[in-house]
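Participant: Handing you a structure now.
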Amino acid sequence: MRIVADLHVHTVASGHGYSTVFENVQVAKQKGLLALGIADHTPSMPGGPSFLYFEARGHFPKEVLGVRLYFGAEVDIRDAEGNLDLPDRILRRLDFALVSFHPQVFSGGSKEVNTQAFIKALEHPLVDVVAHPGNPRYPLDYEKVVEAAVRLGKVIEVNNSSFLVSRKGSRENCRFIAQLVQSFGGMVIVSSDAHFCMEVGEFGEALRMLEEIGFPEEQIVNASWENLEKFLQRAAQRREEYRVLSDH
C-alpha cells in the first residue's frame, strides 16, 4: 500500500521538534511523497509558537523541490467542553486542522468527559481530523467518537508514532478504532507524527495494522492523490462556508 502524503509533521516551531520545513521536505522527496502537511503544535503547548506563526502563513510556500506543501496545525483541546487553543480567525486560514489531547494542556477525565470533549471539538466546523485517539491515557467511548466523526464528515488518524515512541499501549485501541471506522464507512488518514525529519513518511507499523484487518485503501485519505484532493477540498469548503456565515 502506498501513502502519497504525510499531513502530520512537526518542525522546530513546535518547541520539541528537531527539523526545519526544508529538512522535512528533503526527506519527503527522498521517500517519494507527493505532499507534506506541516502541523505544528499550538500556543498552549509548552514551547509552542505564538498566534503570529499561524497568522503569517503568507510566507509559507505552496511547493518546494516538487513536493506540494500544506499548512495546518495540531490544535489542542483545552477542556471538557472541547474548546480549542486557536481562535477561529486563525483556524479559517489553515489548510487543515487536527485536534488532540496532550497532558500538558488537558489532563483529561473519565471516559464520558473525554468522549464529550472530543465530540464537541469534532463538531467545530473548522476541525478536520481527530489525532491519535487511541492514546490509553485518555479513555474514550470509541464507538461514539467514530460515529460522530463519520456523521460530521471528519477523519480519524492512524498515528504511526503511537505504535513506536509515544503513547505506549495504543496498538489495540487503534486496531479497534480502525475496525469501527471501516464498519461505519468512514475515512482514516495515516500519519507519521514526525518530530525529526527522518521520521517523515514512516508509516510501517500503522500500515501493518491496517493490512492485518483488511482495511480498504479507498477509505484512506492519503492512499491516493484523488482521495487527498477530496479531503483538502472539503476542508477548504468548510472554511469558505464558515467565512460566509461569519460575515453575515
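The values are calculated or read from the model by the stated rules, or taken from the named source; none is laboratory data. The model shown is predicted, which means the values in this text are computed figures rather than measured ones. Note that we place each Cβ from the backbone using ideal geometry, even for glycine, and neighbour counts take in every protein chain shown.
Participant: Those residues that are farther than 19 Å from V190 by Cβ and of a type in the set (G, A, S), I need them from region 212-248; list them, please.
Facilitator: Selection gives A236, S246.
Participant: Give region 196-222 a look and list any residue that's out of contact with any helix residue (DSSP H, G or I) (no Cβ under 7 Å at 6 or more places or on another chain), part of a loop (DSSP other than H, G, I, E, B) and either under 25 Å from T11 (Cα atoms) or of a type in the set (S, T, Y) (or both), or say none.
Facilitator: F196, the sole residue that qualifies.
Participant: Next up: Listed residues R57, R137, R93; which is touching a helix residue (DSSP H, G or I) at 6+ places or on another chain (Cβ under 7 Å), surrounded by fewer than 18 Cβ atoms within 10 Å (Cβ to Cβ) and either β-branched (V, I, T) or touching a residue at least 12 places away in the same chain (Cβ under 8 Å) (or both)?
Facilitator: R93
Participant: Regarding region 97-112, can at least one residue be identified that is assigned to a helix (DSSP H, G or I), at pLDDT 95 or above, crowded, with 22+ Cβ neighbours inside 10 Å and not β-branched (V, I, T)?
Facilitator: no
Participant: Of everything in region 76-91, what is under 11 Å from L126 (Cα atoms), touching an Asp or Glu at 6+ places or on another chain (Cβ under 9 Å) and charged (D, E, K, R)? Give them in sequence order. Steps first, please.
Facilitator: So in region 76-91, the residues under 11 Å from L126 (Cα atoms) come out as 84, 86-91.
Remaining after also requiring touching an Asp or Glu at 6+ places or on another chain (Cβ under 9 Å): 84, 86, 89-90.
Of everything in region 76-91, just one residue is under 11 Å from L126 (Cα atoms), touching an Asp or Glu at 6+ places or on another chain (Cβ under 9 Å) and charged (D, E, K, R), namely R89.
Participant: Does D128 count as within 20 Å of I38 (Cβ to Cβ) and of a type in the set (D, E)?
Facilitator: yes
Participant: When the residues of region 171-194 are filtered to those that are touching a Ser or Thr at 6+ places or on another chain (Cβ under 9 Å) and among the hydroxyl-bearing types (S, T, Y), which remaining residue is surrounded by the most Cβ atoms within 10 Å (Cβ to Cβ)?
Facilitator: Result: S191.
Participant: Being in contact with a Phe, Trp or Tyr (Cβ under 7 Å, 6 or more places away or on another chain), of a type outside the set (F, W, Y), closer than 20 Å to E199 by Cα and in contact (Cβ under 8 Å) with a residue 12 or more places away in the chain: is that true of L7 here?
Facilitator: Considered against the rule, which asks whether it is in contact with a Phe, Trp or Tyr (Cβ under 7 Å, 6 or more places away or on another chain), of a type outside the set (F, W, Y), closer than 20 Å to E199 by Cα and in contact (Cβ under 8 Å) with a residue 12 or more places away in the chain, L7 comes out as yes.
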